[in-house]
Amino acid sequence: MASHDSSARAETPIAFIQAMVEAYRRRGLDPARALVKAQIAPILLKQPQACVTALQMEWMSEAAMRELDDEALGWFRRRLPWGSYGMLVRASVTAPTLGVAMKRWCRHHNLLTDDITLRVSTSEGLAHIDLLEHPERHDLGQLRELCIVSVLRNALGVACWLTDSRISLTRTRLHLPAPAHAPRYQVLFDGTVEFEPRAAPPMSRISFDAGYLNLPVRRDEGALQRMLQRALLLTVRPYRRDRLLVEKVRQVLAEHRGQARNADDVAAHLGLSTRTLHRQLKEEGASLQQLKDSVRRERALALLLKTRKPIKQVAAEVGFANDKSFMRAFRLWTGKTVEDVRGA
């Protein structure tokens with residue numbers, strides 16, 4: 001749980017390591033071997049302002065999860081054996097969109113434990129992942145902070161991985177008293193971070209642009225197997241790639257075909273300068289022409305497969321002056337002729 005681009009800076013509060021040590025104590029186990037693996041000197045545990053690096057946090061977390069046989073690190077009444085969180089992702093990877101995937105993820109997490117409840121909600125253009133505590137059922141006690149931060153960060157990491165996107169948080173609200181290391185939370189969560197220990201009900205949440213929920217899930221079983229080899233990175237280090245602008249541009253091109261003929265038109269629809277539009281798309285590994293071709297290709301395929309409109313009419317509807325130039329472009333896009341698709 002450290003900074004966006006470096007595992008070498010010590011920015012993860014020692015409080016999270018202390019919580020893991022407490023989990024060992026509750027199980028009557030010795031954390032010494034895990035601390036050695038993580039290269040964390042025991043004396044740091046007595047220094048409230050001490051920090052460790054992202055890599056040390058990853059090493060300690062993995063060692064503790066394996067030795068405790070609990071991916072929840074002692075937070076809940078029942079253990080979540082190694083592989084539990086991977087199972088949650090596997091249940092979500094076949095979803096068509098992030099919104100569906102995260103609802104599945106939360107629903108299946110709630111089946112694993114009822115000590116907390118997770119849910120996806122939306123309001124005022126924002127999507128939220130909510131974590132509700134049930135102190136009458138189970139008091140998280142000394143492990144509350146690590147539990148809340150880890151579960152929310154894991155949910156965010158899963159969402160980023162599923163969409164191959166860096167999801168920028170707008171706001172984080174935590175049902176915790178502000179700890180001494182509160183300034184470190186600006187590294188843990190984007191956007192505004194608020195501590196609201198007396199709010200009712202006891203709920204923490206992360207919030208982001210609801211547009212992310214419409215992003216397609218871009219992962220498959222093969223990608224899942226590769227990810228699970230180092231799944232802790234989903235929690236420890238956030239993604240850097242943001243595809244939301246790409247999706248917004250695609251939406252403008254699809255919904256405003258007559259008014260989004262060039263970069264100036266698209267930029268105006270999005271409230272950006274043309275220069276900013278090109279720069280941000282480049283940062284996301286895309287170009288306006290690629291997106292235009294993609295939207296036109298999808299529109300053309302839909303018209304060819306779902307209607308019997310003449311080729312000349314299809315060409316006009318996707319923005320071509322004549323059917324010959326459309327057919328050439330279609331073959332470049334798909335490797336197939338229009339006739340091949342119509343005959344399929």
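What the table shows:
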| quantity | calculated |
| --- | --- |
| Counted residues, the stretch 299-314 - those being in contact (Cβ under 8 Å) with a residue 12 or more places away in the chain and closer than 21 Å to residue 260 by Cβ | 5 |
| Criterion: hydrophobic (A, V, I, L, M, F, W, C), at pLDDT 95 or above and surrounded by fewer than 23 Cβ atoms within 10 Å (Cβ to Cβ) - qualifying residue of 50, 63, 32 | 32 |
| Residue 288 surrounded by fewer than 17 Cβ atoms within 10 Å (Cβ to Cβ), free of Cβ contacts under 8 Å to residues at least 60 places away in the same chain and of a type outside the set (Lys, Arg) | no |
| Pairs with Cβ under 8 Å, 6+ apart, first in the stretch 118-129 and closer than 12 Å to residue 212 by Cα, second not in a strand (DSSP E or B) | 122/210; 122/213; 125/210; 126/210; 127/99; 127/210; 127/212; 127/213 |
| Filter pass, residue 175 being farther than 26 Å from residue 9 by Cβ, assigned by TED's automatic domain parsing to the domain that holds residue 115 and either touching a residue at least 40 places away in the same chain (Cβ under 8 Å) or of a type outside the set (Ser, Thr, Tyr) (or both) | yes |
| Test: residue in the stretch 98-108 that is over 15 Å from the mean Cα position of the chain (by Cα) and either among the β-branched types (Val, Ile, Thr) or assigned by TED's automatic domain parsing to the domain that holds residue 214 (or both) | yes |
| Test: residue in the stretch 137-144 that is touching a Phe, Trp or Tyr at 6+ places or on another chain (Cβ under 6 Å) and small (Gly, Ala, Ser) | no |
| Looking only at the stretch 51-79, and only at residues there that are in contact with a Pro (Cβ under 8 Å, 6 or more places away or on another chain) and part of a loop (DSSP other than H, G, I, E, B), the one that is nearest to residue 107 (Cα to Cα) | 71 |
| Candidate set: the stretch 184-214, residues that are at pLDDT 90 or above and acidic (Asp, Glu); chosen: the one farthest from residue 50 (Cα to Cα) | 209 |
| Checklist (1) closer than 28 Å to residue 165 by Cβ; (2) buried (at least 20 other Cβ atoms within 10 Å of the Cβ); (3) over 20 Å from the mean Cα position of the chain (by Cα) applied to residue 92, failing item | (3) |
| Helices (runs of 4 or more DSSP H) wholly inside the stretch 242-335 that include at least 2 residues being among the aromatic types (Phe, Trp, Tyr) | 323-334 |
| Residue in the stretch 80-89 that is nearest to residue 66 (Cα to Cα), counting only those that are over 15 Å from the mean Cα position of the chain (by Cα) and outside any loop (DSSP other than H, G, I, E, B) | 84 |
| Search result, residues across the stretch 154-191 that are over 16 Å from the mean Cα position of the chain (by Cα) and within 15 Å of residue 127 (Cα to Cα) | 173 |
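The values are calculated or read from the model by the stated rules, or taken from the named source; none is laboratory data. This one's a predicted model, so the numbers in the text were calculated from it and none came from an experiment. Note: ideal-geometry Cβ built from the backbone for every residue, glycine included; neighbour counts use all protein chains shown.
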